[in-house]
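Take a look at the structure below.
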Amino acid sequence: MLSELLRLLETHRGGLGLSELSDALNAEPSAVEGMLQMLVQRGRVIVVGADGGVCASCGVQEQCNLLATHQTRYVVVPKTGRVEPGVVCY
Amino acid sequence: MAASVKTPTLTIALAGNPNAGKTSLFNALTGLNQGVGNFPGKTVEKKTGICRRNGHTISVVDLPGTYSLTAFSLDERIARDHIISGEPDVVVCVADATNLERNLYLAVQIREIGVPLVLALNMADSARAQGIRIDTKWLGQLLGGIPVVATAANRGHGIDELLDAVVHSAENPTPPTFAIDYGTAIEAAIATIQTRLADEIFVDSFARWMALMLLESDQTVIETVREFDNGQAILAEVGAQIGRLETLFNDDLPIVSADHRYGFINGLVRQVQQKPVDRVALTDRIDDIVTHRYLGLPLFMLVMLLVFRLVIDVAAPFLNWVDAVITGPIASWTATILTAISAPAWLQSLVIEGIIAGVGGVLVFVPGLIVLYLFLAFLEDSGYLARAAFVMDRLMTVVGLHGKAMIPLILGFGCAVPAVYATRTMSNRRDRILTALLIPLMSCSARLPVYVVFGLAFFGRYAGTVIWIMYLVGIVIAVLAGLIFTRTILQPDENAAFVLELPPYRMPTGRSLLLHTWGNTKEFVHKAGTLILAVSVVLWLLLNLPLGVAEQEDSLFGQVSATVAPVFEPLGFGTWEATGSLITGFIAKELVVSTLSQIYIGAQDDLDIETTTSFAQDVLEIMVGFWEAAVDAARTLISIIPGIDLTGNNTEPEDVALSSALRDSFTPLSAVSFLVFVLLYVPCVATIAAVKQEFGKRWAVTAAVYQTALAWVCALLVYQGGLLLGYG
């Protein structure tokens with residue numbers, strides 16, 4: 001499950017949302033949320049959303065319809081350990 | 001580690017995810033007779049209480065709510081330390097029956113430790129109400145033969161059964177036959193380490209768990225093992241095993257083992273749980289309609305029409321109120337203060353005709369924007385906007401635009417500047433340029449005041465429809481422009497598929513709506529207090545130079561505007577006033593209204609500044625005006641419901657002061673032509689700067705020139721076409 005989840009996120013550079021992941025994994029959203037929480041804890045995934053660290057550097061998140069339409073998404077952290085700001089604007 | 005029965009007194013620990021109903025169960029068990037204590041050296045509280053069952057006195061310890069026992073947080077460490085301490089005879093894991101799959105992770109981890117465990121499936125009543133069926137007996141079997149009891153702690157259901165199961169487990173400790181299969185390689189490593197631990201750990205299940213934790217690099221367990229006589233040798237073996245396994249799996253071992261755990265739980269849930277598909281089907285059924293190939297787009301258009309109608313109808317009374325407050329009491333108070341301090345005439349003119357008319361002319365539209373932002377926030381938070389993006393995405397893809405262009409284009413409805421930067425997400429430079437060229441055709445929120453003031457001036461109750469049409473025209477022109485560009489200078493290489501997530505529908509919270517609305521409105525007001533204020537001052541100066549100029553038309557600004565004005569003659573608005581507003585509109589689109597307000601309102605010789613009323617009368621007037629506006633807006637809102645009309649015959653929204661002034665200078669046809677020009681002409685200077693920064697000077701000039709030319713041609717077609725059809 002976790003590896004499948006990571007593979008899914010790795011193939012979607014801009015990240016995926018909870019419902020999309022739970023649909024793809026055929027698992028309960030709350031269960032997937034638990035997996036994501038663990039991956040976030042371990043630094044493998046970052047949360048992109050109004051409260052996410054990545055968007056904090058943008059400066060226009062309050063006006064960002066993008067965040068609103070996509071809601072919270074999860075982006076896998078590349079091997080370099082650094083997520084480029086532009087990546088999350090899908 | 002094996003539990004020893006200490007009847008008649010038993011100790012049980014309540015573990016569980018946050019919000020699984022653990023506290024409710026604790027209270028149901030103990031009858032709220034809990035004591036509160038601290039774990040030694042920790043600040044996190046635990047609750048303890050006493051209950052009795054079948055001659056046993058049971059001490060209940062409520063552990064902190066945790067999702068796992070990975071010991072990442074203090075809560076997790078406390079819970080885990082208590083569970084493995086040997087203090088509890090039985091651990092009761094409280095799981096939310098409506099979220100079984102997530103809650104089982106903790107239960108499985110506790111089960112792996114090997115302590116006697118009873119699973120309380122709490123909120124069983126809610127699960128039943130949702131149509132969720134769980135085979136508790138089978139679940140217990142799959143978890144290695146533990147008792148599973150359905151409870152509804154808040155109603156006191158299942159409490160006796162749970163206590164019976166607890167007593168039974170304490171008297172007959174569960175045989176430790178539970179183990180997840182982690183695969184050959186990891187199992188071999190576990191076995192190797194387990195063998196090394198055998199000298200120190202005498203319970204097999206606990207030794208297995210410790211071996212697993214060592215492989216997961218659990219610091220607490222590592223420190224424990226370091227204290228063993230052969231601790232260093234064990235840790236060296238562990239290090240070697242970890243290195244080998246991580247090379248094999250090309251991943252961290254905690255991830256690999258958690259992967260197995262989640263896989264086990266997922267399979268287990270499929271066996272024991274039956275869930276209705278209705279809820280999913282409901283979302284799907286709604287999506288079938290709102291994202292329908294043919295119905296989706298018209299439905300979106302209808303929703304937006306409703307939004308703009310509401311913006312005009314609901315906000316109009318407030319627009320009028322703000323207008324009356326600014327041109328009435330605020331202007332009056334300012335004039336009184338300036339007179340009292342013997343301010344020179346030029347300063348009075350600057351403040352009243354320049355700043356109040358210029359900035360106030362824009363601030364009048366704040367209520368309209370608040371209502372618009374509120375409705376848009378509702379559409380966003382409910383999940384509908386994502387569907388709208390999905391529908392629009394299909395349309396844009398059809399005309400040769402990259403699917404990813406949809407997001408920057410949507411951003412363009414708010415502000416074109418972040419939208420241009422958002423094109424960075426597209427890998428192909430040509431796609432990025434094409435999208436950036438089309439973004440300004442989406443009506444940004446700065447254009448809304450122009451639409452509102454002209455809509456109210458010339459189209460009364462249909463103002464909302466006119467605004468909607470302006471947004472529609474922008475989209476249609478963008479589609480056509482996209483078609484032209486993709487077939488001429490910007491032919492795309494390919495159209496890559498783009499996955500748009502459709503979030504579940506949800507009822508937006510009041511807090512979220514207010515935060516969205518406040519954030520956007522704050523930006524607008526901030527702009528009014530900075531850029532628009534500064535330009536208003538400069539504009540006032542230009543309208544009064546050379547010194548002593550009698551008519552605004554003869555001022556520097558008037559002369560420059562009059563020189564350019566003939567260009568707009570064929571479009572129906574070749575006046576210096578309209579031209580002047582378009583010139584300042586290049587700086588920011590809000591300035592179109594601000595300039596018109598300064599010219600038409602600020603220059604009125606008969607601008608009524610009533611200074612005879614008292615301050616108290618003014619305040620009372622403001623409050624009464626607000627109340628009347630609120631009542632009018634409420635009546636209009638309620639009258640939306642078919643069959644209810646609380647507006648009487650007065651369905652015409654009142655216009656603002658500027659609207660009536662505009663009626664003397666524009667005809668309805670020239671007003672439409674002007675709106676089309678404002679919609680399409682050169683983007684504001686900040687957008688042009690963004691395009692220059694992203695794509696260079698050439699494309700910034702291209703954007704400015706092509707859009708102005710496009711605006712001129714479209715406005716010409718509207719005006720001359722209208723004249724030909726007899727709408728002059």
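In whole Å and largest first, what semi-axes does the C-alpha gyration tensor of the range B:184-274 yield when each eigenvalue is scaled by 5 and square-rooted?
In descending order the semi-axes read 26, 16, 11 Å.
Out of the range B:132-230, which GluC sites (Glu not before Pro) are coil in DSSP terms and have no more than 10 other C-beta atoms within 10 Å?
Hits after loop and neighbour filter: B:227.
Using only Cα atoms and rounding to the nearest 10 degrees, what angle (0 to 90) does helix B:615-638 make with the longest principal axis of chain B?
The two axes meet at around 70 degrees.
From other protein chains only, count the Cβ atoms within 10 Å of every residue's Cβ in B:516-529, then give the mean.
Mean partner shielding for this stretch: 1.
Using a ≥ b ≥ c from the Cα gyration tensor of the range B:9-171 (square roots of the eigenvalues), is it rounded, prolate or oblate, where a/c under 1.5 gives rounded and otherwise the larger of a/b and b/c decides, a/b for prolate?
rounded
Would you tell me the mean number of C-beta atoms belonging to other protein chains that fall within 10 Å of each C-beta in A:31-37, as a whole number?
6
Give the range of the longest stretch in chain B that excludes all chymotrypsin sites (Phe, Trp or Tyr not before Pro) found in loop regions by DSSP and having at most 12 other beta-carbon atoms within 10 Å.
Longest run free of exposed loop sites: B:295-728.
Taking the alpha-carbon set of chain B, what are its Rg and Dmax in Å?
35.6, 104
Give the Cα extents of the range B:126-225 along the principal axes, in whole Å, largest first.
48, 30, 24
Taking chain B as the reference, fit the longest principal axis to its C-alpha atoms, fit the long axis of helix B:463-487 to the helix C-alpha atoms, and give the angle between the two in degrees, 0 to 90, nearest 10.
That helix lies at roughly 80 degrees to the long axis.
Using the structure shown, select from B:589/B:692; B:47/B:137; B:522/B:692; B:137/B:275; B:22/B:275 the pairs with a Cα to Cα distance greater than 21 angstrom.
In this structure, B:47/B:137; B:522/B:692; B:22/B:275 exceed 21 Å between Cα atoms.
Could you pull out the longest piece of chain B with no exposed loop trypsin sites (Lys or Arg not before Pro) in it, calling a site exposed if DSSP puts it outside H, G, I, E, B and it has at most 16 other Cβ atoms within 10 Å?
Longest site-free region, per DSSP loop and neighbour criteria: B:43-292.
Nearest 20 debye, what's the magnitude of the dipole of the range B:9-171 about its Cα centre given +1 on Lys and Arg Cβ and -1 on Asp and Glu Cβ?
Dipole magnitude for the range B:9-171 comes out near 200 debye.
Kindly provide the helix-only [θ] at 222 nm of chain B, computed as the sum of -39,500 (n - 2.57) over DSSP H runs of four or more divided by all residues, to the nearest 500 deg cm²/dmol?
Using -39500 (n - 2.57) per qualifying helix, the result is -19000 deg cm²/dmol.
Restricting to chain B, what percent of DSSP beta bridges are antiparallel, rounded to 5?
If we restrict to bridges inside chain B, about 40 percent are antiparallel.
Helix B:384-398 sits at what angle to the longest principal axis of chain B, using alpha carbons and giving 0 to 90 degrees rounded to 10?
Helix B:384-398 and the main axis of chain B meet at about 70 degrees.
Count, for each residue of B:256-266, the Cβ atoms from other chains sitting within 10 Å of its Cβ, then give me the mean as a whole number.
5
Values in this text are rule-based calculations from the coordinates and carry no lab data. For clarity, every value in this text was computed on a predicted model and none was experimentally measured. When we count neighbours, we look across all protein chains shown, and the Cβ atoms used for this are built from the backbone with ideal geometry, even at glycine.
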